[in-house]
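A short worksheet on the structure shown next.
The values are calculated or read from the model by the stated rules, or taken from the named source; none is laboratory data. In this text the structure is predicted, and so the values were computed from the model without any measurement. Methodologically, a virtual Cβ is constructed for each residue, glycine included, from the backbone with ideal geometry; neighbour enumeration extends over all protein chains shown. The protein model used for the area step is the full one, side chains on, heavy atoms only, and it has no ligands, DNA or RNA in it. Shrake-Rupley method; radii C 1.70, N 1.55, O 1.52, S 1.80 Å.
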Amino acid sequence: MVTQNSKIQQGRIIAVSISKDKGTRKHNVKSALLKKDFGIALDAHGGAGNRQVSLLADESIQKMQAKGLKVGPGDFAENITTQGLDLPNLKVGAKLKIGKDALLEVSQIGKVCHSRCSIYYQAGDCVMPREGIFAKVLKGGVIKPQDTLEVIENV
């Protein structure tokens with residue numbers, strides 16, 4: 001059951017991004033395979049744990065662009081760039097359906113950065129610690145830009 005804790009309950013993916021190394025900007029891909037209990041195939045952050053996939057809203061990236069930064073989808077090392085969902089106001093445990101098959105469970109809102117990573121030095125700021133979210137893959141599938149992203153449960 002979806003509660004009214006977030007303003008918008010459906011959005012879309014505007015970019016899917018991967019990298020072979022952690023702590024670097026990711027490059028956009030036409031599609032990616034989400035693997036259950038792993039994350040995105042061929043991405044450095046894939047593996048067991050609570051932070052298998054990272055999501056950041058395009059609206060957050062636009063805030064950084066308004067500050068004069070030349071950044072775009074993938075530049076904050078997010079796997080999935082969204083549009084239309086109020087990601088930071090989701091709750092841990094919220095379920096997100098992507099396209100027809102994939103299912104994510106929000107596992108963390110924001111993160112603590114103990115040191116400034118290369119993204120901070122490249123971009124001059126990093127919005128991920130404040131507005132990015134992380135999820136575990138409950139059900140895999142192929143995801144791509146323009147897929148719908150729907151909150152099906154926000155506990």
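So the values come out like this:
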read-out	value
Of the criteria (1) at pLDDT 95 or above; (2) surrounded by 16 or more Cβ atoms within 10 Å (Cβ to Cβ), which one T24 fails	(1)
Scope the stretch 34-88; condition under 19 Å from K111 (Cβ atoms), open to solvent by 60 Å² or more (accessible area, probe 1.4 Å) and in contact (Cβ under 8 Å) with a residue 12 or more places away in the chain; matching residues	N50, R51, E59, K63
